[in-house]
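Data first, discussion second: the structure below is written as structure tokens.
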Amino acid sequence: SAAEKGGYDYFMLKEIAEQPKAVADTLLGRIDLAGNLCLDEVRIPASVLREVSKVVIVACGTAYHAGMIAKYAIEHWTRIPCETELASEFRYRDPILDQRTLVIAISQSGETMDTLMALRHAREQGAKVLAICNTNGSTIPRESDAVLYTHAGPEVAVASTKAFLTQLVACYLVALYLGQVRGTKWGDEILSVIRELSEIATQVDEVLETMEPVRELARSLASKNTVLFLGRHVGFPVALEGALKLKELAYMHAEGFAAGELKHGPIALIEQDVPVVVVVPSPRGRSVLHDKIVSNIQEIRARGARTIVIAERGDEAVAPYADHLIEIPVTPTLLQPLVATVPLQVFACELATARGNEVDQPRNLAKSVTVE
Ligand code: AGP
């Protein structure tokens, strides 16, 4: 009913709007003012976490994209090798697991069969499993050694939005916690991440306030057949997530690429007027990546692409090559997905609506996939 949707036309719109609160709730009480992680709820003893030699993340769909981003944070902050794998592929390739492997299973519903089978396999091999889950008492956390709940609240729309942002927050918390129990010396970068995490809910809110041009753009693209998405570093999983949202909601051909792969094939797809959404890393920090993606944008634009650029506010170097510029707040590089994903959700939702699709219940899909 309309009341259930809190005055919004669709659950998805309501859930997109709830993201600042979902993010804040997931952080609540888990980092103190001094920057200490308080995750006693993760019932894996510090002695075990100190011995972890490898982290393996398993998940499906949107949760898998969160896991891809987590890999960047875990390896960069803790120096523990980390791989992220589609849960449905995991057990069938005889993965190498032992008592010193920490497997992180990410799932909004906690009922996804592929993810459940992957974690069962991991536990059989002696690995410790930590679930990141949004649904209290669901099967995945029940079968795991420990759980860190995301506090997104119930997610009804089939397309995952607020759950994704809170999965990212939970992944960052786990990465920082791993670093903390292992005595990693916090450099300035991590200290600034901890500080900025407390600002992120406000920044997501700022993004939501500026979405009208994105909706307008989406409506203008309703008759297109294809939209491509490019990103680099943590912007690559964001590109994949943007494409997934568009597939499931707008039933359009949408594909995400790592921008560095462009010249290895996908650039052949660029033709006159094809919309290409590019997620641009901050010009500060890893500026090499920024410069490379700016030249990618120039290359595709020279071949006729219509460039839709998601870039940090004040990024003047990229602005001249953007047919449409979507500005997002300044964040540390690793946290950028929390703000960069939001315009892509709004874009997909509006495009789907413009095409007359049922946003909350896209065809052929179920909210939780309880079969393998
Ligand atoms: C996301 O928009 C999808 N509906 C889907 O990819 C989903 O994220 C995936 O099925 C995993 O679900 P889970 O988080 O409940 O395990």
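Please go through the range 196-220 and give me each residue that is part of a helix (DSSP H, G or I) and either within 16 Å of the ligand (Cβ to nearest atom) or within 20 Å of the chain's Cα centre (by Cα) (or both), ordered by number. If the condition is that a residue be part of a helix (DSSP H, G or I) and either within 16 Å of the ligand (Cβ to nearest atom) or within 20 Å of the chain's Cα centre (by Cα) (or both), then Glu196, Leu197, Ile200, Ala201, Thr202, Gln203, Val204, Asp205, Glu206, Val207, Leu208, Val214 are the ones that fit. Every condition in (1) acidic (Asp, Glu); (2) away from the ligand (no atom under 16 Å from the Cβ); (3) part of a loop (DSSP other than H, G, I, E, B) is met by Glu189 except one, and the failing one is (3).
Among the conditions (1) part of a helix (DSSP H, G or I); (2) touching an Asp or Glu at 6+ places or on another chain (Cβ under 9 Å); (3) under 20 Å from Val277 (Cα atoms); (4) within 16 Å of the ligand (Cβ to nearest atom), Glu241 misses just one, which is (2). Please indicate, with yes or no, whether at least one residue in the range 257-267 is under 16 Å from Ala340 (Cα atoms), within 16 Å of the ligand (Cβ to nearest atom) and either touching a Pro at 6+ places or on another chain (Cβ under 9 Å) or in contact (Cβ under 8 Å) with a residue 40 or more places away in the chain (or both). No: zero hits.
Looking at the range 58-78, is at least one residue in contact (Cβ under 8 Å) with a residue 40 or more places away in the chain, part of a loop (DSSP other than H, G, I, E, B), within 16 Å of the ligand (Cβ to nearest atom) and among the hydroxyl-bearing types (Ser, Thr, Tyr)? Checking the range 58-78: not a single residue is in contact (Cβ under 8 Å) with a residue 40 or more places away in the chain, part of a loop (DSSP other than H, G, I, E, B), within 16 Å of the ligand (Cβ to nearest atom) and among the hydroxyl-bearing types (Ser, Thr, Tyr). Taken over the range 83-115, the criterion of being assigned to a helix (DSSP H, G or I) and either more than 11 Å from the ligand (Cβ to nearest atom) or surrounded by fewer than 24 Cβ atoms within 10 Å (Cβ to Cβ) (or both) is satisfied by Ser88, Glu89, Phe90, Arg91, Tyr92, Arg93, Met113, Asp114. If Val129 meets every condition in (1) crowded, with 24+ Cβ neighbours inside 10 Å; (2) within 19 Å of the chain's Cα centre (by Cα) apart from one, which number is that one? Unmet for Val129, out of (1) crowded, with 24+ Cβ neighbours inside 10 Å; (2) within 19 Å of the chain's Cα centre (by Cα): (2). Among strands (runs of 3 or more DSSP E) entirely within the range 265-361, having at least 3 residues that are not aliphatic (A, V, I, L, M) singles out 306-312.
Where a number appears in this text, it was derived from the coordinates with a stated rule and is not lab data. All values derive from a computational prediction rather than experimental measurement. Here Cβ is always computed from backbone atoms with ideal geometry, including for glycine, and neighbour counts include all displayed protein chains.
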